[in-house]
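Colleague: Take a look at the following structure, please.
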Amino acid sequence: MPIRQLPEQLINQIAAGEVVERPASVVKELLENSIDAGARRIEIELDAGGARLIRVRDDGAGIPGDELVLALSRHATSKIASLGDLESVSTLGFRGEALPSIASVSRFRIASRQPGAAHGYEVQAEDGRLGELRPSACAPGTEVEVRELFFNVPARRKFLRAERTEFGHVEELVRALSLVHPGLAITLVHNGRAALRLGALAADGDPRPRLSAALDAEFGAQAMLVDVAQAGMRVHGWIAPPTLSRAQADRQVLSVNQRPVRDRTIAHAVRQAYADVLFHGRHPAYVLHLELPTDAVDVNVHPAKSEVRLRESRLVHQFVMHAVAGRLAETRAGAVPSAPARYAPSMLSSEPTQGLLQVREVIGAYRSLYGTGSAAPNWSQGSPSAMSEPSPGSGSGAPADGPAEVPPLGYALAQVHGTFILAESARGLVLVDMHAAHERINYERMKGEREAGAVASQMLLVPHVLRVSAREADAAERHGERLRALGFELVRTGPDAVTLKRVPSAIGGTDVETLARDLLSDLVSRADAARLTEFENELLADVACRASVRANRRLTIHEMNALLREMEATERSGQCNHGRPTWVELSTAELDRMFLRGR
Ligand code: ADP
Ligand code: MG
C-alpha cells in the first residue's frame, strides 16, 4: 500500500481508541470540561450503563456560538496557547482531543449558552459529519449528549461489559471526583433513577457527610484527618483506621493538584505507612490530596490524563509516607479522637444475651473490690516474666490523694474465656483481645530496641543444635549480623547445621527452635536485599506474634492492668500487627440502650 494521509474522521477514531475506552471515560472527559468551565452544579444522566445515552449538563461559562464548531475539531482548546502554558497548566483538560474523539464514535450533540447571552447554540455530529450550527433554547451552561457510543466501531462495542459493570465504573469515577472537588453539587441518574445526589460542600462545611455519601458511612465516621505541609508540598485528606482495611484497593482516592490520578509512587508510600498495621494483602482506605508546585508535576504523560509524572518522586514518597505514618502512630489505645473499632449496632441483638448478663454480675462483684474512684492496683510488685516493666510515664501507680483519674482503658476486672480482658473505664466497659494487644506491644518494643541498636536478647541455657539445609546454613552465616540485631545468635556449626545460642528476651518460653527454623527459611526465600528493612519488620512482627500471650493463659489482675497500661503507652496499640482491633469499648450509654434502660 502506498503511504497516504489518513482522513480526519479516522484520525479522531484512532485518538478515541486511547481516550474513550468505555462510558466512564466519556463521563470523565465531560466532567473535566464542566469543572474547567467553572461549573457549580453538574447533572449526569445515563441509560443502559452509558451505552445508550450519556448526558452531562453544567452551569459553567458556556461556549460562544462562533466557537462551538471549533470545539469539535481536533487539537482545538481554549486552555493553553504555548508550551510554557503546558508547564503551569491548572485546568484538567489541555489536549483539545476529547470532544472530537467522542463525537467520532457516537451520535453526538452539544448545546451551550454563555450566561449573559440571549440564547445558545447547538450542533450535532454523527460518524464524523458535523451538522449545522443552530440557535438553541438551552439554559446557561453546556449540555453534551452522547448516544449509542461505538455504534460505528463494532470491535469496541463488543468490549463493553454488562450494563451494571459499566455503570459501576461511572459511579466510582463520579464518587472520586466529588471528593476531589467537594464544592460541586453533583447528581447522577441511571435509567431514570437517582444513583447519587451530592450537595455542594461549603468551604467551612463538615466534610464527613460528604465522605459518607461518596464512600461509605463507616469511612465517614472513622476516617482520620491528615494535613501536613512541608517544603512547598501539602498532603491533606482522610485516612481510614487499619480496622477499615479492604480486600480490594477500592477505597483509594488520590489527587495531585486537584486532578484525580493513579500514582504508583504515592500509593506505595501510603501502603508502606500502613505496612505495620495491616495484614498482608489488605488494602488501606483513603482520600488524599497532594498539592505540589505546578512545575514539579508533568501532566502531559497520559492520553486520558489519569497519570502524572512527579519530578521529585522520591521526595514526594518520603513526604507522603511520613505524613500518613505519623497520623497512624497517633492511634494508640485510649487516644480518643481516633477511637478504634466499636461494636456496630448490628452486631448486638436487641435481647440482652446470657453472656452480657454475666458481664454485669462480674462488674458488680469487682466494683466492690475496688470501690469507686479506686486507685490503680499496685501491680509493679508481681510483674510476671512474660510482661516487661512498664514503660516510663505509663501512668502506673496510683495518685497519692484525691479520686484517681481513671486511665483511658480503665482497670481490669476479669479475664473472659481465657482470651479477653474485661475492664471498667470512665466511659464504660472495655474488652481487650489479650493476644492481639500483647503482640502489638512486643512488636513496638522490639522495633524500638532494634532502632536503638539491637533487640534485647537472652542466652539459652542449653544451646540448640538444628539440622537445616545447606542454603539455610549459608543464610545464617551471611546474615549473622542482621540476626543478632534481631536478638538471635545462630552460629553455623557444620555444612548443614547451626547452633542457636541466643533468642530475643521477649520470646520467653516459646518454641524457640521452630521460630529459628522459620526465620532461616524466610531468609532463604526472600533474599531480595532491597526489601530487607521491610522484611526485618515482618520478622519482628512474627517474633512478636509468637512471643505474645497465648489464648487461655491465665493472667492475674495485676498482669492484666500492666497490659492495659502498656497499651496506653504504646504507639499504634489500637490494632494488632495484622490490623485487627486490640480492644473495643462499650459506653455506658450503649449499655443502657442494650438493657433498654431509660425508655
Ligand atoms: P480540552 O478540554 O483539552 O481543551 P476538549 O475537546 O475537551 O479539549 O474541549 C475543547 C474546548 O471546548 C475546551 O477547551 C473548552 O474551551 C470547550 N468546552 C468543552 N466543554 C465545555 C464545557 N462544558 N463548558 C465550557 N466550555 C467547554
Ligand atoms: Mg477536555
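The values are calculated or read from the model by the stated rules, or taken from the named source; none is laboratory data. Bear in mind the structure is a predicted one, so any value in this text is a computation, not a measurement. Note that each Cβ is placed from the backbone with ideal geometry, even for glycine, and that neighbours are counted across all protein chains shown. Quick note on the areas: whole protein, heavy atoms, side chains included, nothing else; ligands and nucleic acids left out. Shrake-Rupley method; radii C 1.70, N 1.55, O 1.52, S 1.80 Å.
Colleague: Run down Ser136, Ser112, Ser88, Ser104 and say which single residue is within 16 Å of ligand 1 (Cβ to nearest atom), farther than 22 Å from Leu70 by Cβ and among the hydroxyl-bearing types (Ser, Thr, Tyr). Spell out the reasoning first.
Modeller: On the way: Ser136 fails: farther than 22 Å from Leu70 by Cβ; Ser112 fails: farther than 22 Å from Leu70 by Cβ; Ser104 fails: farther than 22 Å from Leu70 by Cβ.
The match here is Ser88.
Colleague: Restricted to the range 115-147, and to residues that are among the charged types (D, E, K, R) and in contact with a helix residue (DSSP H, G or I) (Cβ under 9 Å, 6 or more places away or on another chain), which residue is surrounded by the fewest Cβ atoms within 10 Å (Cβ to Cβ)? Walk me through it before giving the result.
Modeller: Step one: list which residues in the range 115-147 are among the charged types (D, E, K, R), which gives 122, 126-127, 129, 132, 134, 143, 145, 147.
Still in the running and in contact with a helix residue (DSSP H, G or I) (Cβ under 9 Å, 6 or more places away or on another chain): 122, 126-127, 129.
Values: Glu122: 21, Glu126: 17, Asp127: 14, Arg129: 9.
This residue is Arg129.
Colleague: Output the residues belonging to the range 32-65 that are near ligand 1 (Cβ under 8 Å from one of its atoms), touching a helix residue (DSSP H, G or I) at 6+ places or on another chain (Cβ under 8 Å) and open to solvent by less than 30 Å² (accessible area, probe 1.4 Å). Give the steps one after another, and end with the answer.
Modeller: Taking the range 32-65 and keeping what is near ligand 1 (Cβ under 8 Å from one of its atoms), we get 32-34, 36-37, 39, 56, 58, 60-63.
With the extra rule that they be touching a helix residue (DSSP H, G or I) at 6+ places or on another chain (Cβ under 8 Å), the set shrinks to 32-33, 56, 58, 60, 63.
Hits for the range 32-65 are Glu32, Val56, Asp58, Gly60.
Colleague: Please state which of the following conditions Leu68 fails to meet, knowing it meets all the rest: (1) open to solvent by less than 50 Å² (accessible area, probe 1.4 Å); (2) at negative phi; (3) in a loop (DSSP other than H, G, I, E, B).
Modeller: With (1) open to solvent by less than 50 Å² (accessible area, probe 1.4 Å); (2) at negative phi; (3) in a loop (DSSP other than H, G, I, E, B) applied to Leu68, the lone miss is (3).
Colleague: Same structure, new question: Against the definition (in contact (Cβ under 8 Å) with a residue 12 or more places away in the chain, more than 20 Å from Ser90 (Cβ to Cβ) and either among the small types (Gly, Ala, Ser) or out of contact with any helix residue (DSSP H, G or I) (no Cβ under 8 Å at 6 or more places or on another chain) (or both)), how does Ala231 come out, yes or no? Even if it seems obvious, please write down each step before you answer.
Modeller: Numbers: in contact (Cβ under 8 Å) with a residue 12 or more places away in the chain: yes; more than 20 Å from Ser90 (Cβ to Cβ): yes; either among the small types (Gly, Ala, Ser) or out of contact with any helix residue (DSSP H, G or I) (no Cβ under 8 Å at 6 or more places or on another chain) (or both): yes.
It is true that Ala231 is in contact (Cβ under 8 Å) with a residue 12 or more places away in the chain, more than 20 Å from Ser90 (Cβ to Cβ) and either among the small types (Gly, Ala, Ser) or out of contact with any helix residue (DSSP H, G or I) (no Cβ under 8 Å at 6 or more places or on another chain) (or both).
Colleague: Turning to a different aspect of this structure: Any idea which of Ile54, Ile63 is more than 14 Å from ligand 2 (Cβ to nearest atom), among the β-branched types (Val, Ile, Thr) and in the same structural domain as Pro182 (by TED's automatic domain parsing)? First the steps, then the outcome.
Modeller: Working: Ile63 fails: more than 14 Å from ligand 2 (Cβ to nearest atom).
None of the other options fit; the residue is Ile54.
Colleague: Here's something else I'd like to know. Which fully enclosed strands (runs of 3 or more DSSP E) of the range 406-481 have 1 or more residues being without any contact (Cβ under 8 Å) to a residue 40 or more places away in the chain and of a type in the set (Phe, Trp, Tyr)? If you could, list the steps in order and put the result at the bottom.
Modeller: On the way: elements: 411-416, 420-424, 428-433, 457-467.
Where strands (runs of 3 or more DSSP E) fall fully within the range 406-481 and carry at least 1 residues being without any contact (Cβ under 8 Å) to a residue 40 or more places away in the chain and of a type in the set (Phe, Trp, Tyr), they are 420-424.
Colleague: In the range 255-313, which residues are surrounded by fewer than 20 Cβ atoms within 10 Å (Cβ to Cβ) and of a type in the set (Lys, Arg)?
Modeller: Arg262, Arg264, Arg271, Arg282, Arg309, Arg311
Okay, residues lined up against (1) outside the structural domain of Arg259 (by TED's automatic domain parsing); (2) touching a Leu at 6+ places or on another chain (Cβ under 9 Å); (3) within 30 Å of Arg309 (Cα to Cα):
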site	(1), (2), (3)
Asp59	yes, no, no
Ala71	yes, yes, yes
Ala98	yes, yes, yes
Pro115	yes, no, no
Val123	yes, yes, no
Pro135	yes, no, no
Glu143	yes, no, no
Glu148	yes, yes, no
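Colleague: With the condition kept exactly as written, say whether any residue in the range 153-163 is among the charged types (D, E, K, R), within 19 Å of Ile44 (Cβ to Cβ) and within 16 Å of ligand 1 (Cβ to nearest atom).
Modeller: No.
Colleague: Find the residue count for the range 458-504, including only residues that are surrounded by fewer than 13 Cβ atoms within 10 Å (Cβ to Cβ) and within 39 Å of the chain's Cα centre (by Cα).
Modeller: The number of residues fulfilling the criteria is 1.
Yes/no matrix, rows are residues, columns are (1) within 16 Å of ligand 2 (Cβ to nearest atom); (2) closer than 18 Å to Gln9 by Cα:
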| position | (1), (2) |
| --- | --- |
| Ser78 | yes, no |
| Ala98 | yes, yes |
| Phe108 | yes, yes |
| Ala118 | no, no |
| Glu126 | no, yes |
| Gly131 | no, yes |
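Colleague: Quick check: anything in the range 12-31 in a loop (DSSP other than H, G, I, E, B), free of Cβ contacts under 8 Å to residues at least 60 places away in the same chain and either within 12 Å of ligand 2 (Cβ to nearest atom) or within 38 Å of the chain's Cα centre (by Cα) (or both)?
Modeller: No, there is no match, as no residue in the range 12-31 is in a loop (DSSP other than H, G, I, E, B), free of Cβ contacts under 8 Å to residues at least 60 places away in the same chain and either within 12 Å of ligand 2 (Cβ to nearest atom) or within 38 Å of the chain's Cα centre (by Cα) (or both).
Colleague: Anything in the range 415-474 that is of a type in the set (Lys, Arg) and more than 30 Å from Thr499 (Cβ to Cβ)? List them, or say none.
Modeller: We begin by selecting, within the range 415-474, every residue of a type in the set (Lys, Arg); these are 427, 440, 445, 447, 450, 467, 471.
Arg427, Arg440, listed by residue number.
Colleague: Of the residues Ala485, Ala473, which single one is under 22 Å from Ala275 (Cα atoms) and at pLDDT 85 or above? Give the derivation first.
Modeller: Values: Ala473 fails: under 22 Å from Ala275 (Cα atoms).
Going through Ala485, Ala473 in turn, the sole match is Ala485.
Colleague: If a residue must be near ligand 1 (Cβ under 8 Å from one of its atoms) and not in a loop (DSSP other than H, G, I, E, B), how many such residues does the range 71-85 contain?
Modeller: The qualifying residues number 1.
Colleague: I would also like to ask the following. So the check is Cβ under 7 Å with 6+ separation or different chains; which pairs have a first residue in the range 126-141 that's modelled with pLDDT under 95 and a second one that's basic (Lys, Arg) and open to solvent by 70 Å² or more (accessible area, probe 1.4 Å)?
Modeller: Close Cβ pairs satisfying both conditions: Glu126/Arg107.
Colleague: Still on this structure, I have one more. Residues to consider are Asp66, Asp85, Asp58, Asp36; find the one that is over 23 Å from Phe167 (Cα atoms) and modelled with pLDDT of 95 or more.
Modeller: Numbers: Asp66 fails: modelled with pLDDT of 95 or more; Asp85 fails: modelled with pLDDT of 95 or more; Asp58 fails: over 23 Å from Phe167 (Cα atoms).
It is Asp36.
Colleague: Can you name the residue in the range 32-43 that is outside any strand (DSSP E or B) and of a type in the set (Asp, Glu) and is also nearest to Leu173 (Cα to Cα) among such residues?
Modeller: At the first step, the residues of the range 32-43 found to be outside any strand (DSSP E or B) are 32-40.
Filter once more, so that each one left must be of a type in the set (Asp, Glu): 32, 36.
Working: Glu32: 11, Asp36: 17 Å.
Per the stated criteria, the residue is Glu32.
Colleague: Let me ask another. Residues to consider are Ser73, Ser88, Ser112, Ser104; find the one that is within 16 Å of ligand 2 (Cβ to nearest atom), surrounded by fewer than 16 Cβ atoms within 10 Å (Cβ to Cβ) and touching a residue at least 24 places away in the same chain (Cβ under 8 Å).
Modeller: Values: Ser88 fails: within 16 Å of ligand 2 (Cβ to nearest atom); Ser112 fails: surrounded by fewer than 16 Cβ atoms within 10 Å (Cβ to Cβ); Ser104 fails: surrounded by fewer than 16 Cβ atoms within 10 Å (Cβ to Cβ).
Step by step, each of Ser73, Ser88, Ser112, Ser104 is checked, and only Ser73 is within 16 Å of ligand 2 (Cβ to nearest atom), surrounded by fewer than 16 Cβ atoms within 10 Å (Cβ to Cβ) and touching a residue at least 24 places away in the same chain (Cβ under 8 Å).
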